[in-house]
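The values are calculated or read from the model by the stated rules, or taken from the named source; none is laboratory data. Owing to the predicted nature of the structure, the values given are computational and were not obtained by experimental measurement. Here the Cβ positions follow ideal geometry from the backbone for every residue, glycine too, while neighbour counts run over all protein chains shown. Note: areas computed on protein heavy atoms with side chains; ligands, DNA, RNA excluded. Shrake-Rupley method; radii C 1.70, N 1.55, O 1.52, S 1.80 Å.
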Amino acid sequence: MAMTTNTNTAATTGTTTTGATTTGAVTPAGPGGDAGGRTGRIDFAKAAPKVFRALVGFDAAAREGLDPALVELIQIRASHLNHCAYCLHMHTNDARKAGESEDRLHMVAVWREARHFFTPKEQAALALTEAVTRVADAGVPDDVYAEAAAHFDDAELGHVLALILTINTWNRVALSTAKRAGTDERR
């Protein structure tokens, strides 16, 4: 999810917030509102521009040399697991634009039951994506890592891991700043 700007719009009032400055009344972001009496959420790119640019650079470096279809599958699966509608919407649209089939997009969330839609290499990447995304549950099992290592050389595997790390970070940025699905700000 390489974001460039973040303008949060309160759905009920049509009011926008940019950074910490608010114009008009804004509905508190997120399911429980904001702690501390603040309304809206920060514009991450504006609030921490150096960090944002570093993350964009990390994301770009992670993608280098990887098949664009594989990149989107990894980002879609991590976004499913993290319940990040903003990134899921963005990356399914990106995958469609790149020629990905609707059948495969619908099967990403249940890829283990629909293995015939995915190559063994893609399956290994999806399994690794799940393990790294859910690392707190059981670490990254040796068999999952070994399967990925069997399909990717060391450099590719490093890039796959970096991509999984970046999408998990982007998911957390989008969720914590209450990004809304359908508002892809890269355009």
*Sorted from largest down, give the three principal axis spans of the alpha carbons of region 109-187, whole angstrom values.*
37, 26, 26
*Evaluate the distance, in nm, between pseudo-label points positioned 7 Å from the Cα of Glu102 and of Ala69 along their respective Cα→Cβ axes.*
1.8
_Summed side-chain charge close to Gly65 - residues other than Gly65 whose Cβ falls under 11 Å, Lys, Arg +1, Asp, Glu -1_ = -3
_region 45-184 - Rg and Dmax from Cα coordinates, angstrom_ = 14.6, 45
*Of all accessible surface on region 83-171 at a 1.4 Å probe, what whole percent is carbon and sulfur?*
57
